[in-house]
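Asks: Input: one structure, supplied below.
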Amino acid sequence: MKNKIILGVILVFAVIQIYRIEKVDYEEPTKNGIILYEIPNKQVAQLLDETCLNCHSNQITYPWYSEIAPVSWWIADHIEEGREHLNFSEWGNYSPGKKAHKAEESWEEMEEKEMPLESYVFAHSEADLSAEEREILIQFFKKLENKYTIEG
């Protein structure tokens, strides 16, 4: 009986590998991306790249384990949701009011330690922000909120 259960689990695992995720094609950064549009300092640009852009942009780099279902489904869902909520590659196309709102949401999420997601940090240790790095990003987003609140 035990062998049949193990065989059944292996068979189900093998069969679900047929259902591949649709990956987002990597796009080179454009002038509308937050880094080229806002031109933050090097440290902020690096922090954005390490903690935000892999789910909230068109610069998606998939890890090796994104080839294995059901983990691949979970990753694809996170990326789809992340880009649907905020796509930093489209930053330059947002209205001033939307930029102010997205900047406010960004610093609030970071301040509440909702972003980056714990599950992302678990798999990407470079995204594990120190208190100082988190504060640098919070201040960056607060400045953007203020800038676009005034413009809007």
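The values are calculated or read from the model by the stated rules, or taken from the named source; none is laboratory data. Keep in mind it's a predicted model, so treat the numbers as computed, not measured. Using ideal geometry, Cβ is built from the backbone for each residue, glycine included, and neighbour counts are taken over all protein chains shown.
Asks: Could you list, in sequence order, the residues of the stretch 1-53 that are aliphatic (A, V, I, L, M), surrounded by 12 or more Cβ atoms within 10 Å (Cβ to Cβ), in a loop (DSSP other than H, G, I, E, B) and at pLDDT below 80?
Replies: Ile21, Val24
Asks: Give the residues of the stretch 112-152 that are part of a helix (DSSP H, G or I), at pLDDT 85 or above and hydrophobic (A, V, I, L, M, F, W, C), sorted by residue number.
Replies: If the condition is that a residue be part of a helix (DSSP H, G or I), at pLDDT 85 or above and hydrophobic (A, V, I, L, M, F, W, C), then Ala131, Ile136, Leu137, Ile138, Phe140, Phe141, Leu144 are the ones that fit.
Asks: Next up: Return the total of residues in the stretch 131-152 being of a type outside the set (A, V, I, L, M, F, W, C), exposed (fewer than 15 other Cβ atoms within 10 Å of the Cβ) and farther than 17 Å from Ala45 by Cβ.
Replies: Adding up the residues that qualify gives 3.
Asks: A further question follows. Test Ala69 against the criterion of being of a type in the set (A, V, I, L, M, F, W, C), closer than 17 Å to Asp49 by Cα and in contact (Cβ under 8 Å) with a residue 40 or more places away in the chain, and give yes or no. Talk me through it step by step, then tell me what you get.
Replies: Numbers: of a type in the set (A, V, I, L, M, F, W, C): yes; closer than 17 Å to Asp49 by Cα: no; in contact (Cβ under 8 Å) with a residue 40 or more places away in the chain: yes.
Taking the combined requirement at face value, the residue does not satisfy it.
Asks: Please enumerate the residues belonging to the stretch 115-152 that are acidic (Asp, Glu) and more than 19 Å from Trp64 (Cβ to Cβ).
Replies: Within the stretch 115-152, Glu118, Asp128, Glu132, Glu133, Glu135, Glu145, Glu151 qualify.
Asks: I'm checking my understanding of the structure. Among residues of the stretch 93-103 that are of a type outside the set (D, E, K, R) and either within 14 Å of the chain's Cα centre (by Cα) or surrounded by 18 or more Cβ atoms within 10 Å (Cβ to Cβ) (or both), which one is farthest from Leu144 (Cα to Cα)?
Replies: Applying the filter and picking the extreme gives Tyr94.
Asks: Which one is farthest from the chain's Cα centre (by Cα), of the residues in the stretch 80-92 that are surrounded by fewer than 20 Cβ atoms within 10 Å (Cβ to Cβ) and under 24 Å from Lys23 (Cβ atoms)?
Replies: Glu90
Asks: Let me ask something else about it. Is the stretch 59-66 home to any residue that is loosely packed, with under 13 Cβ neighbours inside 10 Å, at pLDDT below 95 and not in a loop (DSSP other than H, G, I, E, B)?
Replies: Yes, some residue in the stretch 59-66 is loosely packed, with under 13 Cβ neighbours inside 10 Å, at pLDDT below 95 and not in a loop (DSSP other than H, G, I, E, B).
Asks: From (1) touching a helix residue (DSSP H, G or I) at 6+ places or on another chain (Cβ under 8 Å); (2) in contact (Cβ under 8 Å) with a residue 40 or more places away in the chain; (3) of a type in the set (A, V, I, L, M, F, W, C), pick out the condition that doesn't hold for Val121.
Replies: (2)
Asks: Now for a separate question. Could you list, in sequence order, the residues of the stretch 31-44 that are of a type outside the set (Lys, Arg), over 16 Å from Lys147 (Cβ atoms) and free of Cβ contacts under 8 Å to residues at least 60 places away in the same chain?
Replies: Across the stretch 31-44, the qualifying residues are Gly33, Leu36.
Asks: Applying the selection to the stretch 104-125, what residues are of a type in the set (Ser, Thr, Tyr) and farther than 19 Å from Lys147 by Cα?
Replies: Answer for the stretch 104-125, where residues must be of a type in the set (Ser, Thr, Tyr) and farther than 19 Å from Lys147 by Cα: Ser119, Tyr120, Ser125.
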